[in-house]
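The numbers here are math on the coordinates, done by the rules we state, and not lab data. In this text, all values refer to a predicted model and were calculated from it rather than measured experimentally. Virtual Cβ from ideal backbone geometry, glycine too; neighbours counted across all protein chains shown.
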Amino acid sequence: MRTAKGQRAIRLRIYGIRTAWDTVGDGEFFCPCCGGDRNYRRLTGRRRLTVLGLPLLARGSAGSVVECAACGTHFEPGTLDQPTTNRFSAMLREAVHAVTLAVLAAGGSTSRTVLETAAAVARDAGLDDCSQERLFTIVEVLAADTGSGDGTDPDAEACGAALAIELHETLKPLAPHLAVAGREALLLRGARVALADGPYTQAERQVLTTVGSALQLCPADTAKLLEAARTPS
Ligand SMILES: [Zn+2]
């Protein structure tokens, strides 16, 4: 005598649902399962009712998944929001570059010490070809382009606004992928450049406050960090 369980097993062998996957895209992503940059395929699935192993009736879409080429694990498409390790490193380098330039543009590009510190900070972050001369040139070009530099120019404010937008555009996409300590370290790199030639100027403090806000640090924490950076223990 067959049990109900046995009958169900046989029915499942006769009828079944099979998902056919179509590749709709590919690329590189960070695989949470392998823990590294891997190739992926983006797949959309079509469910079919099978009878005796033969696909018979369409049973709707199985949605979209991302499949790791290395381990074969399927993930939600949202996994692609996480930057690859390569992309993340590039974002971090761009961020240090933007912060360094913004601090320099706020009024330190003529001091040798500040340029030296800025170049050292940039090289520490992996920008190997970032020399003092190069930083100086970029800041000069930025200043000439926006007409700022003497502090009395009405365009200087526009330059400040443009820099703030630039900082937000570079730092905002990075912030969610960095732990608080990482975001604070980035702010402190900027503080190190600003402090190379003495206490913060008002313009430097303003730029660093913008950096803190773009990095989603709370204003009080930013102020505290900037103060602590002035008096290294
Ligand atoms: Zn994988």
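What does the charge add up to near Arg46, with Lys and Arg as +1, Asp and Glu as -1, over the other residues with Cβ less than 12 Å from its Cβ?
+3
All other residues with a Cβ under 12 Å from the Cβ of Ser131 taken together, and with Lys, Arg as +1 and Asp, Glu as -1, what is their net charge?
-2
How large is the dipole of the stretch 2-125 about the Cα centre if only Lys and Arg carry +1 and Asp and Glu carry -1, each at its Cβ, rounded to the nearest 20 debye?
1340 debye
Would you kindly state how much longer the chain becomes between Arg41 and Leu56 on full extension, computed as 0.36 nm times their sequence separation minus their alpha carbon distance, in nm to one decimal?
Length gained between Arg41 and Leu56: 2.8 nm.
Expected output is a single nm value to one decimal: the length gained when fully extending between Thr201 and Ala162, i.e. 0.36 nm times separation in residues minus the C-alpha distance. What is it?
Between Thr201 and Ala162, full extension yields 12.1 nm more.
Report the dimensions of the chain along its three principal axes from the alpha-carbon atoms, largest first, rounded to Å.
Ordered largest first, the chain gives principal extents of 93, 39, 31 Å.
Sum -39500 (n - 2.57) across every DSSP H segment of at least 4 residues in the chain, then divide by the residue count to get the 222 nm mean residue ellipticity, nearest 500.
Result for the chain, helices only: -16500 deg cm²/dmol.
Between Ala181 and Ala20, 0.36 nm times their residue separation minus their Cα-Cα distance comes to what?
53.5 nm
If I take the Cα coordinates of the stretch 52-117 and project them onto the principal axes, what are the three extents in Å, biggest first?
Per principal axis, max minus min of the Cα coordinates gives 80, 23, 9 Å.
Which values, in whole Å and largest first, are the semi-axes of the equivalent ellipsoid of the stretch 159-233 obtained as the square root of 5 times each eigenvalue of the Cα gyration tensor?
Each semi-axis is √(5λ); the values are 19, 16, 9 Å.
Tell me the net charge near Glu116. Cut-off is 15 Å between Cβ atoms, Glu116 excluded, with +1 for each Lys or Arg and -1 for each Asp or Glu.
Details: positive: Arg112, Arg123, Arg134, Arg189, Arg192; negative: Asp124, Glu133, Asp197.
For residues surrounding Glu116, the net value is +2.
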